[in-house]
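Computed from the coordinates by the stated procedures, all read-outs in this text should not be read as laboratory data. All values reported here derive from a predicted model rather than from experimental measurement. All Cβ positions, glycine included, derive from the backbone under ideal geometry; neighbour counts span all protein chains shown.
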Amino acid sequence: MQTDKARKEIQIFSDGACSGNPGPGGWGAILRYKEIEKELSGGEPETTNNRMELMGVIAALESLKEPCRVKVFTDSQYIAKAFTENWLANWQKNGWKTAGKKAVKNRELWERLLAQSAIHELEWQWIRGHAGHPENERCDQLAVAARDRFAKKN
């Protein structure tokens, strides 16, 4: 088993897109290790924007082949605050209920993301979307292209 100091340092940039909410959706992600980049994308014919935001991060993390130190850049406050403001811990403590006592949406995706957070050391960085951030703009392009592919399948 690797020690934390020996773990590879990865950057993940991610975004989601949806036409209608629900509607056809897509996600895009960029993984960066040193000078090497890999792009991923996918989507669903009937989904929501929050699901696509989550899937971008999940798919990128699940593609890693070993435990890593990962800095995740997302324009989704929904995802960033779930970790940085302990929403996830509170949801779990409250039996997967929100502060308003409603069932947490997308629980199965949050559980997949939590499983990845147990494998990798994650740091969350919120970035403003559609503000000229090169990797965020590229992830948006990947997400929109994937969304459009799924929209055409309907």
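Tell me, what is the percent relative contact order of the chain, built from C-alpha pairs under 8 Å that lie six or more residues apart?
So the answer I get is 35 percent.
According to a simple spin-label model (label point 7 Å from Cα along Cα-to-Cβ), what is the distance in nm between GLU46 and GLN141?
About 3.3 nm separates the two model spin labels.
Got the relative contact order for segment 1-88 handy, in percent, Cα pairs under 8 Å and 6 or more residues apart?
Answer for segment 1-88 is 34 percent.
How big is segment 62-115 on each of its three principal axes, counting only the C-alpha atoms and giving the largest first in Å?
The principal-axis extents, from largest down, are 37, 20, 16 Å.
Calculate I(q)/I(0) for segment 10-58 by the Debye formula, one identical point scatterer on each C-alpha and no solvent, and give its log10 at q = 0.13, 0.14, 0.25 Å⁻¹ to two decimals.
Result of the Debye calculation: -0.29, -0.33, -0.76.
Ranking request for peptides 27-35, 138-146, 53-61: highest mean number of other beta-carbon atoms within 10 Å first, then the rest in descending order.
Answer by packing, highest mean first, reads 53-61, 138-146, 27-35.
So what does log10 I(q)/I(0) come out to for the chain at q = 0.12, 0.13, 0.20 Å⁻¹, using the Debye formula with one equal point on every Cα and no solvent?
The calculated log intensity ratios at q = 0.12, 0.13, 0.20 Å⁻¹ are -0.50, -0.59, -1.26.
Taking just the C-alpha trace of segment 110-154, give me its Rg and Dmax in Å.
14.6, 39
Cα centroids of segment 2-55 and segment 79-128: how far apart, whole angstrom?
Centre-to-centre distance over Cα atoms comes out at 16 Å.
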